[in-house]
Amino acid sequence: MAEAAKDLSTEKVTLDNLDPEEVKARIMAKYPPKVARKRSKQFVINKVGEDGKTPVINANVRTVPGLMGQRGCCYAGCKGVVLGPTRDIINITHGPIGCGFYSWLTRRNQTDPESTPDGHNFMTYCFSTDMQDEEIIFGGEKKLKQAIQEAYDNFKPKAIAVFSTCPVGLIGDDVHSVCREMKEKLGINVFGFSCEGYKGVSQSAGHHIANNGIFKHVVGLDDTIKEGKYRINLLGEYNIGGDAFEIERIFDKCGITQVATYSGNSSIDAFANSHTADLNCIMCHRSINYVAEMMETKFGVPWIKVNFIGAHATAKSLRKIAQYFGEQELIDKVEEVIAEELPEVEAACAEVRPRTEGKRAMLFVGGSRAHHYQELFGELGMKTLSAGYEFGHRDDYEGRKVLPDIKVDADSRNIEELTIEKDPERFNPRISEERKAELEKAGFAFNDYDGMMPEMPDGAMVIDDLSQWETDQLIKIFKPDLFCAGIKEKYTVQKHGIPLKQLHSYDYGGPYAGFKGAINFYHEIDRMVNSRVWEYMKAPWDKNPELAATYACD
Amino acid sequence: MKFAGKTDNYAATQNACNLCSPLGAALVFKGVSNCVPLLHGSQGCSTYIRRYMISHFKEPMDIACSNFGEHTAIFGGGANIKLAIDNIRSQYSPELIGIATTCLSETIGDDVPMFIRSYKEECEDKENLPALVHVSTPSYQGTHMQGFHGAVRALVETLAEAAETGDKPLLNLFPGMVSPSDLRLLKEIAADFGMEPVLIPDYSDTLNGPLWTEYQRIPEGGTTIEAIKSTGGAAASLECGMILAGEPETAGTWLDKKFSVPAHRIGLPIGIRETDKMMDILAEVSGNPIPDKYLGQRGRLLDAMVDGHKHLNGVKAALFGEEDLVAGLAAFCSEIGVIPALCATGGGAGRFEKTIKSVVPERIHRKMEIMEDVDFVTIEKALEKTGVDLLIGHSKGYAMSRRLKTPLLRVGFPVHDRVNGSRTLHLGYRGAQQLFDRIVNKIIEIKQDRSDVGYTYM
């Protein structure tokens, strides 16, 4: 693998008329040698070879202290990302007040409480044990028990989940035994997560821990096979800005039944029943592939990778689902829906495209979004100069084919891998070996994700765990027309006169998924890259208008 | 220190009305020129605190971190902090690195002052070494305000020197956690009295700056290290915050003790009385009369109060947020005829009730409820019984405002569902004027909206 990468990178490529290798060298030169060696492996010039082989990128490794990165912590991935969007579980943060406060409905996950009969929605609440000195010294289990009891008394929820923050692991509180005890006492589902912030290298560790916990404590509790044809789960869709609502609309129109979404607009009852679906469709591969893998092993539900970001990607994903079920009725319906939805999308795109064509974007976000959104930019005729993930692993970059080659370091080894076995009664392969082979022969990919790099052009810079300082350097060197990242990067990039689109929280906009989402996105990008405001940066009396363009990489 | 006990005997906190202490410290360090704040702990702390403060200020917010891993949590963070300082220096060449701890490094008992000493000793280019200032901010003690005031004190204690005064008398200003607009106002007032203000912190430019015409490694602005050093030679210190005034050890008291710089401790200058007090002190300290400009502002404010009083008399408001802000607002409300029917804070200094009562006329006390160390669930329950016309506080009161169908006037921090969080003016006669106009207009708007007819003259 490493050999192949070497060969690939020897051929010279250009990026925006610059030599990307030289750009990289200039940036690395600023670091102390040891740091530069480490960062070099996370800063790769793309070159796609035969069979989609790409250079090796180092990912999912610890951020060097003092480099201001984008990453959050394990707790953020577990409580904030994966479990946060489930409206009817009371999430209690066990720790001092900050962690709970900062993850209090900050991710713009939308939900529709009307879609479950009890109407429960605890997402607007922030429950915390608000640990004080006393608990740090004498232990916090007693207060945690009280907190669970109070949450139960006040709200009578179906389930309560407990999330551990840094000090909890250090003082040795056993949240799991507290949860077991309270589960027995209250007669509702109570479960805990050991997602202390210092675990792993990013929120990715927290995703994994959340996946494990949900699988262990919730999935499979309700075997009722509910009504509906073409029953699927949508995994790794968090309903930021209403994305899941738009995807649900399309599924409804196609006659596809959604058993559960992990975890946008979700309910714990749907998780409990999700193993009865016949197919798992994964949006964000990084945050949720564990549940899909475990569900297949235990219950026989296969998974496929889908992408509903981009109108054509949406159409492609719908066709993939129809192909899996293989029934003409669904195949026809999907085609009908696509034919009905696409003209409006294409008209919107055609209207906007003359103003976006040829503009250059950079995307540094997520564990899938930096990949998915390149679809939408492609539709707008925009070019992606550089992209990278905040918390992705090598398989998200290079594809799952590299899984056997990934070295497990100490940080990842500490995250529990559940040993899952076939359920003796409930394992039910949803698709016969013959049918599977037939589909695969026709090019259908099960349990696979090709990653971002094979779809990016040669010369593009792929940078893992981009730091704030590197962001500044990229901006100075390339002056892209649009930068996509999160709120932490937004205002620095915009100070340079370059618009930044938040692809975590969508800048208060959305949805951007599906067909209607694509239209929203086209208009949004048009607004951003063609805004008049940047013109006014140069005042009429300004004698040196080029000043803004004279940055040198220092 | 926060009290362990909660109103209603709840053990847990639901919808907290306070944030954690490293946030306050990081904010203070953002108000120092050419400074990079560094949180010693898990990277989640710096990420959360950055994203949270950005949602209010909408400005660059670089805060570094020593990135603890599991290994670090077990063996200590000495190596991490040194590497972090090295890397911050090579990327940003700061003049000061402000180091605040987190609950992680505090729980394992990292000795940060010792790490700093040994870093300094081992450092090869001592002449280029930035100042390293440390403040202990475990988030299980106090609120963001303890972190804030602790960092202000740490800056002064680490850097202040017995300095010669220049041409203009120096005035140390410890403004408390107020908006960039407030900071600018305070600087303007001090300058108008002919004094040289040293504001700690001063994030008026770093967190409310223009677009850039050239790259800035660290956003321009903030109090310089030289200025902080000179605080030891100032003519006086003005420290704002009635609750803070009850703290035995602050930046102001330390300078008083160490360098005999007299400390004047007043409340946040919100409203007529506290602003008058500030003006009086400044006139005395500077030896200059109160500039006409401010007499004009005061006059116009009083004129507006006379005009608008008919709308406000008997209006009941609930005030919530950080202790000193609520105390300031309570004082102001009682000047304009608004009854501060409920005053609540997530802070727990133990002086809240007494302080609030001291600024509101005694005859109103029986109409008031004062709650310390409470969360929003407790506040909301109280309001269900009390019922007020208006809520005055930060964005986290929105859910309560929606359920109670009572409008929320946004002040203080955090304000993340409006665009002007960093531009809201609270202090001085001008701040009072703006608050007054907003409150009156809100009351008129409510009346107007509730009218079946739709009168335009109210």
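Counting Lys and Arg as +1 and Asp and Glu as -1, what is the net charge of the other residues whose Cβ lies under 9 Å from the Cβ of A:T492?
-1
Using r as the Cβ-Cβ distance of B:V419 and A:T124, and R0 as 25 Å, what FRET efficiency do you calculate, to the nearest 0.05?
In this case the efficiency is close to 0.70.
P(r) for segment A:336-400, please, calculated from all Cα pair distances in 10 Å bins and given in %.
Whole-percent P(r) values from 0 Å outward: 20, 38, 28, 14.
222 nm [θ] for chain A, helices only, -39500 (n - 2.57) per DSSP H run of 4+, per residue, to 500?
-12500 deg cm²/dmol
Bins of 5 Å, beginning at zero and ending with the bin holding the largest distance: percent of Cα pairs per bin for segment B:298-450, please.
All Cα pairs, binned at 5 Å, distribute as 2, 9, 20, 23, 23, 15, 6, 1, 0 percent.
Could you work out how far the C-alpha centroid of segment A:272-320 sits from that of segment A:415-473, in angstrom?
Cα centres, segment A:272-320 to segment A:415-473: 10 Å.
Kindly state, to the nearest 0.05, the FRET efficiency for A:T297 paired with A:L18, given R0 = 30 Å and r defined as their beta-carbon distance.
The pair A:T297/A:L18 has a calculated efficiency of 0.05.
Can you tell me which of A:393-400, B:223-230 comes out highest on packing, and rank the rest after it, using the mean Cβ neighbours within 10 Å?
A:393-400, B:223-230
Return the FRET efficiency for the residue pair A:L418, B:D307: r is the Cβ-Cβ distance, R0 is 56 Å, and the value is rounded to the nearest 0.05.
The computed FRET efficiency comes out at 0.20.
Quick one: net charge of A:N428's neighbours, Cβ under 12 Å, K/R +1, D/E -1?
It works out to a net charge of -1.
Once you average over the residues of A:167-175, how many Cβ atoms of partner chains fall within 10 Å of each Cβ?
3
Give the residue from B:A245, A:P429, B:P361 lying farthest towards the positive end of the charge dipole for the protein assembly as shown; charges sit on Cβ (+1 for Lys and Arg, -1 for Asp and Glu) and the dipole is referred to the Cα centre.
B:P361
Just the Cα atoms of the protein assembly as shown, one point each, no solvent: what log10 I(q)/I(0) does Debye give at q = 0.09 Å⁻¹?
These q points yield log10 I(q)/I(0) values of -1.04.
Can you give me the three principal axis dimensions of chain B from its C-alpha atoms, in Å, biggest first?
76, 53, 45
Name the residues whose placed amide hydrogens come within less than 5 Å of the amide hydrogen of B:A344, ignoring near sequence neighbours (fewer than 5 apart) on the same chain.
Distant-sequence amide H within range of B:A344: B:L319, B:F320, B:G321, B:M371.
In whole Hz, what ³J(HN,Hα) sequence does segment B:418-428 give by Karplus (6.51, -1.76, 1.60; θ = phi - 60°), x for Gly and Pro?
Taking θ as phi minus 60°, the curve returns 9, 8, 10, x, 7, 9, 5, 9, 10, 9, x Hz for segment B:418-428.
On a full-extension model of 0.36 nm per residue, what is the gain between B:S118 and B:K168, subtracting their alpha-carbon distance, rounded to one decimal in nm?
14.1 nm
What fraction of the DSSP beta bridges in the protein assembly as shown is antiparallel, stated in percent and rounded to the nearest 5?
Around 10 percent of the beta bridges assigned by DSSP in the protein assembly as shown are antiparallel ones.
Quick one: if you stick a label point 7 Å off each Cα along the C-beta vector at B:E161 and A:Q146, how many nm between them?
Once both label points are built, they end up 5.1 nm from each other.
If I stretch the segment between A:R527 and A:A445 completely, what's the gain in nm (0.36 nm per residue apart, minus their alpha carbon distance), one decimal?
Extra length available between A:R527 and A:A445 comes to 25.8 nm.
Find the Rg to Rh ratio for segment A:103-142, where Rh is the Kirkwood radius over alpha-carbon pairs and Rg uses the same atoms.
The Rg/Rh ratio comes out at 1.21.
Quick one: divide the alpha-carbon radius of gyration of segment B:170-292 by 2.2 N^0.38 Å and tell me what you get.
Segment B:170-292 yields a ratio of 1.08.
Which value at 222 nm does chain B reach when only helices count, each DSSP H run of 4 or more adding -39,500 (n - 2.57), with the total divided by all residues and rounded to the nearest 500 deg cm²/dmol?
-14000 deg cm²/dmol
If you stretched the chain out fully between A:Q328 and A:R180, how much longer would it get, using 0.36 nm times the residue separation minus the C-alpha to C-alpha distance?
Going from the current span to full extension adds 48.4 nm.
Any idea what the dipole of segment A:390-480 comes to, in debye rounded to 20, about its Cα centre with Lys/Arg Cβ at +1 and Asp/Glu Cβ at -1?
240 debye
Per residue and in Å³, how big is the convex hull formed by the alpha-carbon atoms of segment B:7-159?
Each residue corresponds to 123 Å³ of Cα convex hull volume.
Once you list every other residue whose beta carbon is under 14 Å from the beta carbon of B:G267, what net charge do they have if Lys and Arg are +1 and Asp and Glu are -1?
-4
Which distance in Å, rounded to a whole number, links the C-alpha centroids of segment A:48-118 and segment A:162-189?
21 Å
Pop a pseudo-label 7 angstrom from the Cα along the beta-carbon direction at both B:R402 and A:I225 and give the gap in nm to one decimal.
Going by the 7 Å Cα→Cβ label model, 4.0 nm.
When N counts the residues of segment A:152-290, how does its alpha-carbon radius of gyration compare numerically with 2.2 N^0.38 Å, as a ratio?
1.15
Extending each Cα 7 Å along its Cβ direction at B:D437 and B:E369, get the distance between those two points in nm, one decimal.
Inter-label distance under the simple model: 3.4 nm.
Can you give the Kirkwood hydrodynamic radius of chain A from its Cα pairs, in Å with one decimal?
Result for chain A stands at 24.6 Å.
Quick note: the coordinates plus some simple rules give every number you see, no bench work behind them. Being a predicted model, the structure only gives us computed values, none of them experimental. Glycine gets a Cβ as well: all are built from the backbone with ideal geometry, and neighbour counts include every protein chain shown.
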